[in-house]
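> This is the structure, below, for whatever I ask next.
Read-outs: derived from the displayed coordinates by stated rules, not from any lab. Note that the structure is predicted; figures quoted are calculated from it, not measured. Cβ sites come from the backbone with ideal geometry, for glycine too, and all protein chains shown count toward neighbours.
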Amino acid sequence: MRPSKCIRAAVAAAAAVLLASAGGCREGGDQRPVSRTQLLLGTNSTIIVHGGDPGDEVFDRAFARVREIQDLMSLQYKDSELNEVNRKTGVEPVHVSEETFHVVETALEYAERTHGTFNVALGPIIKAWGISGDNPRRPPNEEIEELLTLIDYREVELDYDARSVFLRKEGMVLDLGGIAKGYAADEAARVLVEHGVEHALVDFGGDIRAVGRRPDGERWRIGIQDPADPSRGVFVGVLSLEQPSVVTSGDYERFLEIEDESFHHIIDPDTGFPAQAGLRSVTIETGNTMLADIHSTAVFVLGLERGLSYIEAQNGVEAILVTDDDEVHITDGLRSTFELREDSRYRLAERP
Ligand code: AMP
Ligand code: MG
């Protein structure tokens, strides 16, 4: 039966996208960039290689690595290693691969550091909303209340000797949706380098990672999408960076609309509801894409003031925050590399 309410679920295009070229000029000789896209990790995953075609095999190997990560860490893929851990919740520890262990360990370290704002044990609530799945819904308040008792990340037990993960309380669910894409981008970049690629960009639905610099000496240009108009090609502004590793989290990336209410995919673990901290998007730049992925999700939940203090306390992390009232806040390290779009509705916030 069709629902009588107006329900719309959407997965928008990437949160930040690569702009083809700095000034429209061709790279040395006839070496146009070569790109391939595959639907992986629930998003369009694109690899663009500059400075010569590396051949199909190199692309295939990089994508194969991403598929491996998806098969290990995706909540959506029934047979993933992660879901084996989730099936044995409250029953017994599950021995996992080195990489799953590493990602879960990092996620828990940041759960601790953010006092649970970044929380990989949010699975029960994320599943209840189902915003990244086929049947999104708004769970009743009582259901959310009940599920909030099952999201304590301190109940996730790691055994370093046995390399196992154990969810102590029955009903707990791990979800790595806020970290795995960033890890996959780093891994795809590593495989490209291993196969001799010197200049490339990996763009996994807005998690962007460069391999080397552009061969023409220009900077890579990354458009930060307009949260109010997330169609491809409409930007708040453009970042120009030599070797970016940039991740954006935004409320327009995945959401559910019921009548005139909108519910997005980034959950405030204190309430079990989509975070409403006054931000529309958070873009993080730092050397490691997996960490950028964590920070962007965490800062989105923290909001402007707490988010900026959090970033300040990290080493080598820069950010662009777009607020509900169309202000753009940029940390010092990115100021000279960001260009606001000329006729933009957004305005740069004054320095504090
Ligand atoms: P991102 O798009 O990187 O901000 O990650 C959002 C995804 O991370 C969601 O689709 C969920 O799978 C998961 N998630 C949502 N809220 C949180 C949170 N507070 N902490 C950790 N992961 C979250
Ligand atoms: Mg994230």
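> How far apart, in nm, are the 7 Å Cα→Cβ label points at residue 216 and residue 157?
Spacing of the two 7 Å Cα→Cβ label points: 5.8 nm.
> Is it possible to state the helix-based mean residue ellipticity at 222 nm for the chain, with each DSSP H run of 4+ residues giving -39500 (n - 2.57), the sum divided by total residues, to the nearest 500 deg cm²/dmol? What is it?
The per-residue figure over the chain is -8500 deg cm²/dmol.
> Something else now. Under the definition of Cα pairs under 8 Å and six or more residues apart, what whole-number percent is the relative contact order of the chain?
20 percent
> Which of the three applies to region 184-227, rounded, prolate or oblate, going by the alpha-carbon gyration tensor with a ≥ b ≥ c and a/c under 1.5 meaning rounded?
The shape class here is oblate.
> Region 161-184 to region 259-291: how many Å between their Cα centroids?
Cα centres, region 161-184 to region 259-291: 20 Å.
> Still on this structure, I have one more. Per residue of region 172-180, in order, report the coupling 6.51 cos²θ - 1.76 cosθ + 1.60 (Karplus, θ = phi - 60°) as ³J(HN,Hα) in whole Hz, putting x for Gly and Pro.
Result, ordered by residue: 6, 9, 8, 9, 9, x, x, 9, 5 Hz.
> GluC sites (Glu not before Pro), restricted to region 125-210: which are DSSP loop and have at most 13 other Cβ atoms within 10 Å?
Hits after loop and neighbour filter: 170.
> Can you give me the relative contact order of region 30-172 as a percent, contacts being Cα pairs under 8 Å and 6 or more apart?
22 percent
> Find out how many positive minus negative residues lie around residue 188, taking Lys and Arg as positive, Asp and Glu as negative, among other residues whose Cβ is under 9 Å from that of residue 188.
Net charge around residue 188: +1.
> Once both axes come from the Cα atoms, what is the angle between helix 304-313 and the longest principal axis of the chain, in degrees from 0 to 90, rounded to 10?
The two axes meet at around 80 degrees.
> Order these peptides, 48-54, 200-206, by their mean beta-carbon neighbour count within 10 angstrom, highest first.
Highest to lowest by the protection proxy: 200-206, 48-54.
> By the gyration tensor of its Cα atoms, with a ≥ b ≥ c the square roots of the eigenvalues, what is the shape of region 221-328: rounded for a/c under 1.5, prolate for a/b over b/c, or oblate?
In terms of gyration-tensor shape, oblate.
> Any idea which of 346, 333, 314 is furthest toward the positive side of the dipole for region 281-352, if Lys and Arg beta-carbons carry +1 and Asp and Glu beta-carbons -1?
314
> In percent, what relative contact order does region 58-113 have, based on Cα pairs under 8 Å that are 6 or more apart in sequence?
Here the relative contact order equals 19 percent.
> Then there's this: Report, ordered by chain and residue number, the aspartates and glutamates lying within cross-link reach of residue 169, taken as a straight Cα distance under 17 Å and ignoring same-chain residues fewer than 8 apart.
Partners found: 84, 92, 145, 146, 152, 155, 157, 159.
> Distance from a point 7 Å along Cα→Cβ of residue 229 to each backbone N in region 247-289: keep the residues under 16 Å and list them by number.
What the label zone holds, given the 16 Å backbone N cut-off, is no residue at all.
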